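Beneath this line is the structure, given in structure tokens, with notes to follow.
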Amino acid sequence: MKTLKNIMLAVVASVLLLGCSPDLLETIPNDRVSSEIFWKTEKDATLAANAVYTYLESAANFTNWDAMSDIGHVTLMWREESVIEKGAYDATYGKILNEWNDAYKGIQAANAFLSNVDRITTSNTALIDRLKGEVRTLRAYFYIKLAILYGDVPLVTAPMTVEESRQITRTPVAQVWDFISKELTEAAALLPTAPTEKGRVTKGAALAFNARALLYAGRFKEAAAAAKQVMDLNVYSLYPSYENLFTYAAENNQEVIFDKQHVKDIQSNNIFSLTTPNSVFPQVNSFVPTKQAADAYRMTNGKEITDPTSGFDPKNPYANRDPRLRHSIYVLGSELPNGKLYDSRPGSGTGDAIGNSENSTGTGFNTRKYLNKDDMVQPNNSGINLILMRYAEILLIYAEAKIEANELDQSVLAAINQVRSRPDVKMPAVTTLGSQAEMRKLVRNERQVELAFEGLRYFDIRRWRIAETVVPGILYGMTYTNPAGELVTISLPAFVKVFNKDRDYLWPVPQRERELNPNLTQNPNW
């Protein structure tokens, strides 16, 4: 039973955490929950903590991160993510402002909780401590996104007045990473290993997000240690089926460390309608994979498709490939949720044919993760949970951090091979430790194919400082044989991706925020 979903009351969240300004008569307002009558009971504490969960990102936001990277493409030209792909955005763009605002709304809600919860008189200190741990973890989660996107950001840890908010300055990002790690370490000590209700933050989630944050911050020894803490909990393991990992049947399985919980009709999402092939649901296809995404999956013998000895057949390019390719991407011949076969070749006569409509794929690929036939009746009313952290990522964080720290040992191979040996993946084990450069290439590829379309690639290529190499250029899609027997690779010459290495590794501070607060400086070259 998805208990947390049924009690996350967003309406209460939006009002109780903002407080109210008393009028001359000091009356209690009847259009909101007043702080004078709230913060009295354990239920108040629970509701206020639940409110912070509502600021976790939406399905549309979740999917479009990868669309702005090298492995995806935004299909709808009017979306601002498309402008970011083309490098034509600036500090006035809504996406830039919305990400900043959404994160700080969550932080504001968390700060309000942490500043008021001790007003509640209760003997159940364990409950209050647990809720504090949950909220501190969520606040740190919001700060991770701010730090990786904008660099220096205001570090706000208590509620502020409007006037105070117009005086704050940006905190050096190193101090923000310090705060995040300290918060998550201390929060973990307050949290149980097993969730009291499905969907709640646990000790494992706090430790896992600490590992991610430390990796993003380039603190590799600490990141490896944090990942090892999660591994040593002996709570998590890989779900045996990668193909079914993102289905209703696998929800809340042993690999999921933290997810955003959803349920049809109550707290639903629209991920099915955003990413499904046009022949299944002809409405909005938000983003599609690129040739770079498909080409990253190696042959079943473990060799890259560019290796002359790999056995790669250009005329049958998606055969004998890492099984995660077909579990993540719809390619020619894939079975769709409606039982039909996917055929996106131009002129194929299907709804998926390139050029069929604005909502058809432009690259000949569609994403497969999170698409369940159960959602076909009401595509905009999906109840599938969106996984924000899973154990496979922890294993890869551990491996990457050890490699970057140049601590190459058998534990690195063990972590990578554990991911590769999932029963329905069974990619060949890596048996030899290579050089640091060789192992770096290996783990980065493993991370790309294992975590594709889970909202992480955009951040990875930026922190690795490879975006200017892998992103720019004309978009390419699938390869197929046309009726004349010629081998054709789809290209979109009218759309060119751009990444400016002197500017785009940090987003600009939103112009609106700088107009409201002149103390906020701007990032370089914006």
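The values are calculated or read from the model by the stated rules, or taken from the named source; none is laboratory data. Bear in mind that the values here come from a model prediction, so they are computed numbers and not experimental data. Don't worry about glycine lacking a Cβ; one is built from the backbone with ideal geometry, like all the others, and counts go over all protein chains shown. Calculation scope for accessible area: heavy atoms of the full protein, side chains included, ligands and nucleic acids excluded. Shrake-Rupley method; radii C 1.70, N 1.55, O 1.52, S 1.80 Å.
Some observations on this one:
- On the principal axes of its alpha carbon atoms, segment 419-469 extends 33, 28, 13 Å, with the longest extent given first.
- Furthest towards positive pole of dipole, LEU184, ASN320, TYR458, structure part the chain, Cβ charges: ASN320
- Seen against the Cα atoms of the chain and their longest principal axis, helix 410-420 is set at about 70 degrees.
- √(5λ) per eigenvalue of the Cα gyration tensor, the chain, largest first, Å: 39, 26, 24
- Ellipticity estimate at 222 nm from DSSP helix runs (n ≥ 4, -39,500 (n - 2.57)) divided over the chain, nearest 500: -12000 deg cm²/dmol
- Measuring between their Cα centroids, segment 363-434 and segment 466-496 lie 26 Å from each other.
- Extension gain (nm, one decimal) between GLU42 and THR169, 0.36 nm per residue minus Cα-Cα: 42.2 nm
- Relative pair counts by distance (%), Cα atoms of segment 51-178, 5 Å bins: 2, 9, 16, 19, 18, 14, 10, 6, 3, 2, 1, 0
- Binned Cα-Cα distances of segment 354-407, short to long, each 5 Å bin given as a whole percent: 4, 14, 12, 13, 14, 13, 10, 9, 7, 3, 0
- Under 16 Å of direct C-alpha separation, and excluding same-chain neighbours fewer than eight residues apart, LYS203 reaches these aspartates and glutamates: ASP129, GLU134, GLU183, GLU186, ASP232, GLU255, ASP259.
- Built amide H within the under 5 Å cut-off of LEU386, gap 5+: LYS260, HIS262
- Column: log10 I(q)/I(0), Debye, Cα scatterers of segment 247-307, q = 0.17, 0.22 Å⁻¹: -0.92, -1.00
- Between THR521 and ASN61, full extension at 0.36 nm per residue minus the direct alpha carbon distance yields a gain of 163.0 nm.
- Principal axis extents of the C-alpha atoms in segment 377-526 (largest first, rounded to whole Å): 55, 53, 40.
- Using alpha-carbon coordinates, inclination of helix 125-150 to the longest axis of the chain, degrees: 50
- Set LYS86/LYS373; LYS95/LYS501; LYS260/LYS402 screened for pairs whose C-alpha atoms are more than 25 Å apart: LYS86/LYS373; LYS260/LYS402
- Taken over segment 272-347, the ratio of Cα radius of gyration to 2.2 N^0.38 Å equals 1.21.
- Put simply, the C-alpha atoms of segment 102-258 give a gyration tensor, and the ellipsoid matching it has half-axes of 28, 21, 15 Å, longest first.
- Extension reserve of the GLN410-ASN124 stretch, reckoned as 0.36 nm per residue once the Cα distance is removed: 98.4 nm
- Note that the chain presents 40 Å² accessible area per residue, ligands and nucleic acids not counted, probe 1.4 Å.
- Structural descriptor for segment 368-488: relative contact order 19 percent, calculated from alpha carbon pairs under 8 angstrom and at least 6 residues apart.
- Taking Cα atoms only, the orientation of helix 220-232 departs from the longest principal axis of the chain by about 90 degrees.
- Just so you know, the Cα atoms of segment 202-304 work out to an Rg and Dmax of 17.8, 48 Å.
- Percent RCO, i.e. relative contact order, over the chain, from Cα pairs under 8 Å lying at least 6 residues apart: 19
- With N as its number of residues, segment 468-526 has a Cα radius of gyration that, divided by 2.2 N^0.38 Å, comes to 1.91.
- Dipole of the chain, positive direction: furthest Cα of ALA414, TYR53, VAL153, with charges on the beta-carbon: ALA414
- Dividing the Cα radius of gyration of segment 186-256 by its Kirkwood radius returns 1.01 for Rg/Rh.
- Whole-percent carbon and sulfur share, accessible surface of segment 271-416, 1.4 Å: 48
- Excluding exposed DSSP-loop trypsin sites (Lys or Arg not before Pro) (at most 10 other C-beta within 10 Å), longest clean stretch of the chain: 1-314
- Overall, the accessible surface of segment 57-103 at a probe of 1.4 angstrom is composed of carbon and sulfur to the extent of 51 percent.
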